[in-house]
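Step one of this worksheet: look at the structure below.
The values are calculated or read from the model by the stated rules, or taken from the named source; none is laboratory data. Keep in mind that this is a model prediction, so the values were computed, not measured. Glycine also receives a Cβ, built like all others from the backbone with ideal geometry; neighbour counts cover every protein chain displayed.
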Amino acid sequence: MDTSMGFTPNEGLLMRTRSGDVDPGLLAWLQKQEGWSPEDTDKLLNQESGWRGLSGGVDNMAELFASDHPQCHLAFDLFRYRFQKTLGAYFAILGGLDGIVLSGGVAELNPALCQELLLGLSHLGVELHAESANSNLPISLSSMTSKVQCWVVASDEAAMMLHAVQQQFSNEFSNQPVAD
């Protein structure tokens, strides 16, 4: 099991307000050169960075993706770069990919954005078909000949967490119904 996050969600992917991977030396530099406190640095990395900080205030990924503003393009391009870099790392660790599943609000509401994130990954076995007119989930993004199947699916994180807990502690929950 692996995750793109580390000790905090600041490691890994760029997020709405979080920076994603940052050179640790930057933190010391900001504190020494700019006189920032640890609290100032933490606020910057957790609340004022990410695609919102890069774009000049756009909170919504769909708006960011659709915008013609150069700062929004920069923010989306960096998000896609970090996304693809993370996929490449998992490809290397796993020795290949069987499938890629995109989920959550950003993916579920904008399959075209998902296709854009996956463009240029043919060297990993990802081949996409033309955008589907189907908006009902699940949606296949991959072509019939793609070695890696790519899907946009609906998620129910609360039900999945409950199911995992019930599986882990099956004896304690033996009299409780299993989540759907």
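When we screen THR3, THR17, THR8, THR41 for residues that are touching a Ser or Thr at 6+ places or on another chain (Cβ under 8 Å) and hydroxyl-bearing (Ser, Thr, Tyr), the only hit is THR17.
Would a scan of the range 57-64 turn up a residue that is surrounded by 14 or more Cβ atoms within 10 Å (Cβ to Cβ), touching a residue at least 40 places away in the same chain (Cβ under 8 Å) and not β-branched (Val, Ile, Thr)? Give the steps one after another, and end with the answer.
Taking the range 57-64 and keeping what is surrounded by 14 or more Cβ atoms within 10 Å (Cβ to Cβ), we get 58, 60-62, 64.
Of the ones still in play, those that are also touching a residue at least 40 places away in the same chain (Cβ under 8 Å) are 61-62.
Checking which are not β-branched (Val, Ile, Thr) leaves us with 61-62.
Yes, the range 57-64 contains at least one residue that is surrounded by 14 or more Cβ atoms within 10 Å (Cβ to Cβ), touching a residue at least 40 places away in the same chain (Cβ under 8 Å) and not β-branched (Val, Ile, Thr).
For the range 114-153: of the residues being polar (S, T, N, Q) and within 20 Å of the chain's Cα centre (by Cα), which is surrounded by the fewest Cβ atoms within 10 Å (Cβ to Cβ)? By that ranking, first place goes to SER122. In the range 23-56, of all residues being among the polar types (S, T, N, Q) and closer than 30 Å to ASP68 by Cβ, the one that is surrounded by the fewest Cβ atoms within 10 Å (Cβ to Cβ) corresponds to GLN47. Residue count for the range 100-143 under the criterion of being in contact with a strand residue (DSSP E or B) (Cβ under 8 Å, 6 or more places away or on another chain) and modelled with pLDDT of 85 or more: the result is 23. Of the residues in the range 117-167, how many are acidic (Asp, Glu) and over 22 Å from LEU87 (Cα atoms)? The qualifying residues number 1.
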